[in-house]
Each structure stands twice: as C-alpha cells, then as structure tokens.
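The values are calculated or read from the model by the stated rules, or taken from the named source; none is laboratory data. On a predicted model such as this, the values are computed, not experimentally measured, just so you know. So basically every Cβ, Gly included, is an ideal-geometry build from the backbone, and we count neighbours across all protein chains shown. We work out accessible area using only protein heavy atoms, side chains counted, and drop any ligands, DNA or RNA first. Shrake-Rupley method; radii C 1.70, N 1.55, O 1.52, S 1.80 Å.
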Amino acid sequence: MTGESVRQDRDPRQWGPGGKARARGLGLPLPGTTGPLNAITDVAGVTVGFTTLKDEVKGIQTGVTAILPRPAADLMHPLWSGVFSMNGNGEMTGAHWIRDAGWFTGPVTITNTFAVGLAHHATLKWLARHFPDLDDDLWALPVAAETYDGYLHDIAGFHVTEAHVEATIDAAAPGPVAEGCVGGGTGMITYEYKGGTGTASRKVETRIGTHTVGVLVQANHGLRDWLTVCGRAVGALLPGRRVFSKERGSIIVVIATDAPLLPGQLERLARRAAIGIGRGGTPSGNNSGDIFLAFSTANDPGPLPEPARLVFEAVSNDDLDAVYMGVVEAVEEAVLNAMLAAETTTGKGGRVVDAIDHEQLKALFAG
C-alpha cells in the first residue's frame, strides 16, 4: 500500500523513495527552502497512504491516495480550511461546507473520476468503524477529489472498491512520500508525459515564527507545448509521443500548513495554487478540473460539537506574502516531482505514455 523504503544514503529532498532523482536531485534551479523531506509530511501530524492498482493486460492503471491531516484518533476535530476552484470541470466533495463553515473533518481521498463517490462513501464507513462511540451522532462531509485517468485506465470497469479506499486510509504513514505512478495518480498524464502524484514543501518565516507549508498534487493536466520548467519554455524542445490535441485533464492540489490561519486566509492560500500550476505553463484549460484545498493543523478546537467560544491565533495578513510564496513554489515543484518520478506506462488498448527524459531535461539547464 505504501511506497518503497527511502535509500538512507540519499537526501529525500532530492531523491525519491524509489531512488529516482526529484527536481532538486536533477539540479533544476528551484527557489525556496524545503522541509527535511520536501513533502507534505513535513507538516507535523500529516500522513499519506496509497493503494496502486496496475494490470497492463486488463488495462488497469488507477488507485487511491489518502491524506490524514491529523492522527487517526483526532480526525473528528475540525480542520480550518479553504477551497478554490480555478476551473470547475471536476469534483471535490465537502467544498460547499468548507466555504460556509471554514472547516472539514476526516481523511482526504483522491482517486479517479468514476470512483470519487465510492471514495466518499468508503471514507464514511471508515469513520463509522473508527468512531463507534459517536453512533447516531456521527456527522461528516469528507473531502474526496478526482482526476480522470480514462486514457490509460479501464475507468468504466470500476476497479476501485470500498476495501481499497479503507485500506489506503489505514496505510497512511509519515516519512518520505512516493511519487509518480502511485495511488490516485497511477494513470494520470501531465503535459502529455506520464504524471501523477507529486509533493513538496517550504519553510516560511513570519513575525510569529517559522512555519511549514506542504503540498500534494494529483497532476493530470496540460499540453506539451505549454510545458515550462523554472521559467523556461521547454515543451517544444523535448521529445516524446504526443497524446492529446486539446487538454482533457485536471489537477487536484492539497495544501497543508502548521501556520495558524483563519478560514478566509486559507482560502487565499488555496487560490495561490493557481499561480503555482501556472508557472508550469497551463492556462487552466476549459476541460480541466483545477480544484485546490488548503488546511491548517493549528487552532485545534477539539472534537465536535464546536465549543461555545472559538479562540484563534492567526498570522497577520501583512505576513502572508511569505506563506503565499511558499505555496506557489511548492506547487510548481510538486508537479515537476510527479513527472520526474513517473515511469513510461502502457495502459488500456496498448496506449503508451512516455515518462519525461531526465537527462534531456537536465541538458536544457546545463551551463
């Protein structure tokens, strides 16, 4: 369910659990200071799990990703949060309540378009199993999100099951996070190269201290000619089979931080993910579902129901620029990490999507 063990002789900020170079390991000139893992799990208490389903013969290339924002025992404590839809051709459940109340509870799951309802349902079953004392008082609107993997995957075969979703949540763990063709990102395509799951983090400074911003993306968006890396348009300079004549993908971005922020400030963070994906070249096309969630692990109000008085500590709005920049930089890097970790994949009907060539990309930045 989880990724391979990290190689102890390699810096996880630069090298993935499978031993492949990440964007920093390739020497790409990325700005900012990362956390020790350069992953969403640099935010204390956040864990990630995967279930990956692959069968080339049957055309299965899909899976589930789960993000637990708090330890499992505390998942019914509201998480202050904000959402933003840059382009709405996609789904993220629970978003209406987040806009109204500013919080959600439970795990976040990401999967394929046809499994998003099942992921929502299975998450509720997982919560009912783990919080039996709540019985009839159990109430939740969990966040489940999706991108479309139907080019490589037999999406109409409905291969993701409730058991897969529940097992993915159970598998969530701290530490280095697998990237590329794993979990919900297994069958996803990014700028017409193989893409999928990616992560990154930043350390940011405000007047009240040092905070961590971590992101995880399920990247399934963009056309080759749009691809921009570290400010340089490279898509037309790189080889590889073309896949689409027009964009038909999406990207989900989940932003975690330990910075104490109000729901309105977290919505503003979620909006900045749009700038992060824009740095990669996408204009957020009409057929793309580009939907972003930001949450803070700070200001834990305890278990529901909400207390009569809510007390917040929050970073000043005047200090948010550093946090915004951390989001933008981490999102840009996470998309690159997703592409660099991915492997050339054969999917349904023998369709092939190439992985981006590390050495050819590196050569464009040499000298």
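In segment 232-297, what is the volume of the convex hull around the alpha carbon atoms, normalised per residue and reported in Å³? Don't skip to the end; give the middle numbers.
Working: hull volume 7.4 nm³, N = 66.
Looking at segment 232-297, the number lands at 111 Å³ per residue.
Specify whether the C-alpha gyration tensor of segment 136-262 places it in the rounded, prolate or oblate class, a ≥ b ≥ c being the square roots of the eigenvalues: rounded for a/c under 1.5, otherwise prolate if a/b is larger than b/c and oblate if not. It would help to have the intermediate numbers written out before the result.
Working: a/c = 2.32, a/b = 1.16, b/c = 2.00.
Taking the square roots of the gyration eigenvalues as a ≥ b ≥ c, segment 136-262 is oblate.
Restricting to segment 216-358, what percent of DSSP beta bridges are antiparallel, rounded to 5? Show your work: numbers first, answer last.
Numbers: 9 of 17 bridges.
Percent antiparallel among DSSP bridges in segment 216-358 is about 55.
Any idea what the dipole of segment 6-140 comes to, in debye rounded to 20, about its Cα centre with Lys/Arg Cβ at +1 and Asp/Glu Cβ at -1?
Charge dipole of segment 6-140: 720 debye, to the nearest 20.
Among the listed pairs K58/K246; K20/K348; K58/K362; K54/K125, which are separated by more than 31 Å between their Cα atoms?
Values: K58/K246 27 Å; K20/K348 26 Å; K58/K362 35 Å; K54/K125 25 Å.
Checking Cα-Cα distances, K58/K362 exceed 31 Å.
Could you bin all the Cα-Cα distances of segment 37-80 into 10 Å bins starting at 0 and give me the percent of pairs in each, rounded to whole numbers?
23, 37, 24, 14, 1
Could you tell me the accessible area of E162 in Å² (1.4 Å probe, neighbours in place), rounded to the nearest ten?
50 Å²
Sort out for me the Cα centre separation of segment 303-328 from segment 175-243, rounded to whole Å.
Comparing the Cα centres of segment 303-328 and segment 175-243, I get a distance of 26 Å.
Over the Cα atoms of segment 1-108, what radius of gyration and what Dmax do you get, in Å?
When restricted to the Cα atoms of segment 1-108, Rg and Dmax are 17.3, 47 Å.
Along its principal axes, what span do the Cα atoms of segment 62-140 show, with the longest given first and each in whole Å?
Principal-axis extents of the Cα atoms in segment 62-140, largest first: 39, 30, 22 Å.
Over all Cα pairs of segment 6-68, how is the pair count split among 10 Å bins, expressed in % and running from 0 up to the last occupied bin?
Bin by bin from 0 Å, the calculated values are 18, 36, 33, 12, 0.
Roll a 1.4 angstrom probe over the protein heavy atoms and tell me the percent of accessible area of the chain that is carbon or sulfur.
Numbers: 7050 of 13950 Å².
Using a 1.4 Å probe with all protein chains present, the chain comes out at 51 percent carbon and sulfur.
If you count the DSSP beta bridges with both ends in the chain, what percent of them are antiparallel, to the nearest 5?
Numbers: 51 of 64 bridges.
Once the DSSP bridges in the chain are tallied, antiparallel ones form about 80 percent.
Over all directions, how big on average is the projection of the convex hull of the alpha-carbon atoms in the chain, in square nanometres? Don't skip to the answer; put the middle values down first.
Working: hull surface 69.7 nm².
Computing the convex hull of the Cα atoms and averaging its projections yields 17.4 nm².
What does segment 133-181 give for Rg and for Dmax, in Å, if only its C-alpha atoms count?
Values for segment 133-181 (Cα only, Rg and Dmax): 15.1, 43 Å.
Note the direction-averaged projected area, equal to a quarter of the hull surface, for the Cα convex hull of segment 205-270, in nm². Please report the intermediate quantities before stating the final value.
On the way: hull surface 26.2 nm².
Its average projected convex-hull area is 6.6 nm².
Could you tell me whether segment 158-220 comes out rounded, prolate or oblate from its Cα gyration tensor? Rule is a ≥ b ≥ c as square roots of the eigenvalues, rounded for a/c under 1.5, then prolate if a/b exceeds b/c, otherwise oblate. Let's see the in-between values first.
Numbers: a/c = 3.34, a/b = 1.57, b/c = 2.13.
Note, shape of segment 158-220 comes out oblate.
Could you please report the charge total around F244, scoring K, R as +1 and D, E as -1 over all other residues with beta-carbon less than 12 angstrom from its beta-carbon? Walk me through the numbers before you get to the answer.
Values: positive: R224, R241, R242, K246, R248, R351; negative: E192, D225, E247.
It works out to a net charge of +3.
Given the convex hull of the Cα atoms of segment 65-223, what is a quarter of its surface area in nm²?
11.0 nm²
Calculate for the chain the 222 nm mean residue ellipticity that helices alone would give, adding -39,500 (n - 2.57) per DSSP H run of length 4 or more and normalising by residue count, nearest 500 deg cm²/dmol.
On the way: 6 runs with 76 residues, N = 367.
Rounded to the nearest 500, it is -6500 deg cm²/dmol.
What does the accessible area per residue of the chain come to in Å², with a 1.4 Å probe and no ligands, DNA or RNA counted?
Working: 13950 Å² over 367 residues.
About 38 Å² of surface per residue is accessible.
May I ask you to work out the translational diffusion coefficient for segment 260-367 at 37 °C, viscosity 0.692 mPa s, via Stokes-Einstein with Rh from the Kirkwood sum over Cα pairs, reported in whole µm²/s?
Details: Rh = 17.3 Å.
Translational D for this selection: 189 µm²/s.
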